[in-house]
1. Does any residue of region 212-226 turn out to be in contact with a Ser or Thr (Cβ under 9 Å, 6 or more places away or on another chain), among the hydroxyl-bearing types (Ser, Thr, Tyr) and either modelled with pLDDT under 95 or not assigned by TED's automatic domain parsing to the domain that holds ALA363 (or both)?
2. Does ILE68 satisfy being out of contact with any helix residue (DSSP H, G or I) (no Cβ under 6 Å at 6 or more places or on another chain), buried (at least 22 other Cβ atoms within 10 Å of the Cβ), modelled with pLDDT of 95 or more and hydrophobic (A, V, I, L, M, F, W, C)?
3. Wholly within region 150-252, which helices (runs of 4 or more DSSP H) include no fewer than the required count, namely at least 1 residues that are touching a helix residue (DSSP H, G or I) at 6+ places or on another chain (Cβ under 8 Å)?
4. Hey, can you tell me all the residues within region 146-160 that are modelled with pLDDT of 95 or more and closer than 19 Å to GLU315 by Cβ?
5. Under 6 Å by Cβ, and 6 or more places apart or on different chains, what pairs join a residue from region 243-260 that is surrounded by fewer than 24 Cβ atoms within 10 Å (Cβ to Cβ) with one that is hydrophobic (A, V, I, L, M, F, W, C)?
6. Report every pair of residues separated by at least 6 positions or lying on different chains whose Cβ atoms are under 6 Å apart, first residue within region 300-324 and under 30 Å from ASP342 (Cβ atoms), second of a type in the set (Ser, Thr, Tyr) and part of a helix (DSSP H, G or I).
7. Just wondering, is there one or more residues in region 56-66 that are within 21 Å of the chain's Cα centre (by Cα) and over 12 Å from HIS300 (Cα atoms)?
Amino acid sequence: MNKTLSRRDFLAASGVLAGVGLYGCSGGEGGTGGGTEGGAEGGEPAGVEGYDPELVAAAQAEGELVVIGTCEEPYIIAACDKFTELFGIKTSWQRLGGGEVLAKAQEENGNPSADVWFGGGCTSYVQAANDNLLMKYSPANLSHITSPNFTSTDGTWVGIYTGILGFLVNKEELEAKGIDAPQDWADLVDPKYQGLIWSSNYNTSSTAELIINTVIQKYGHDEGIQFLVDLDKNVVQYTKSGGGPSKYIGTGECTIGINFLHDGIYQIVDNGYDNIGLVSPSSGASYEVGASAGFEGCAHPNAAKLWLEYVLTPECVNQAQDVGSYQFLVIDNGKQPQIALDMGVDPTNVMDFDFADMMANTATYKEEVMAAIDPDGSDDRFKTE
């Protein structure tokens, strides 16, 4: 059953789906192995009005912040540079997929090499919180979040954006093959799409976690696992992170990608691939909540808390669309990406979703899916090195 909002109500609520449990992940195919790294140098603080001066002073005394990002690199860079500009605190960053960050945090086990996590779906954050790996902090700027579903109940993570999961298609390739674009999840298992679909790796991507939960909730547990087994027959490539398929749609290497629609918008608007079509599943789309959190035991806890205040401000999140990230924002004073609405992305066409089930069972579901698809771990499509 679909839950709908009027477009007027949607825009009044800052372009997000107030009252609907959202989840998943967005991210690009960035780096290999240890990911990609960068940094911004500290300087004189400026523009800190509206922040707790005691927290700012304590963070500046620490003098440094280390960020692991799961969204696209340009957004990570913009967010880190602006943080340094505002507060004079040197930042460094690394990009990893959501599943990779979780595995890294679990391995470091309370002695984290980074201070904060930025972007990526909240499913991985919940798993980290369940392992007591995330700092508990409730920013004052939580007052700007438009729905309680966009933040944790225990103060371990905050939501910063939402995105719609759907399908990206190369219209020219489909036309050349005489094949219609899939319109819903059930279409993806049609044998006519064999060898044409790219998806993301269940071992490394929080977007893939969203895919698992979507089909299990659409079809039921056993039928959902079987659906993913059937879908696997049509998947030619699993990318390391969720945005991977989008990078190969416009070039024609990938004909159909299971991806967030905002990644497709980036390829159309910023890279000029007008051969890409956006498909929102007709039975209702599923969503991510992209999040941010501080790591428990981090070296710069005050800078981490200041970061969590900062990511809930327009100064941070309004930068997203300027660097090609077109997710919908979850704060009431943010500027929504009008281009997404103009391109026909309907944020009100959503499926009812059991948020609690996703939070409680994603880790188990991943194990079950991989046992069904690649029981001996020999499938090269899931190799990440």
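The values are calculated or read from the model by the stated rules, or taken from the named source; none is laboratory data. Values in this document were obtained by computation on a predicted structure and should not be read as measured data. Using ideal geometry, Cβ is built from the backbone for each residue, glycine included, and neighbour counts are taken over all protein chains shown.
1. no
2. Here the answer is no, as ILE68 does not meet what is asked.
3. Here the list reads 206-219, 221-232.
4. As a first pass, look at region 146-160 and keep what is modelled with pLDDT of 95 or more: 155-160.
Of everything in region 146-160, those that are modelled with pLDDT of 95 or more and closer than 19 Å to GLU315 by Cβ turn out to be VAL158, GLY159, ILE160.
5. TYR248/CYS254; GLY250/ILE276
6. Within 6 Å, the pairs are CYS316/TYR310; ALA320/TYR75; VAL323/TYR75; GLY324/TYR266.
7. Quick first cut of region 56-66, residues within 21 Å of the chain's Cα centre (by Cα) only: 66.
Still in the list and also over 12 Å from HIS300 (Cα atoms): none.
No: zero hits.
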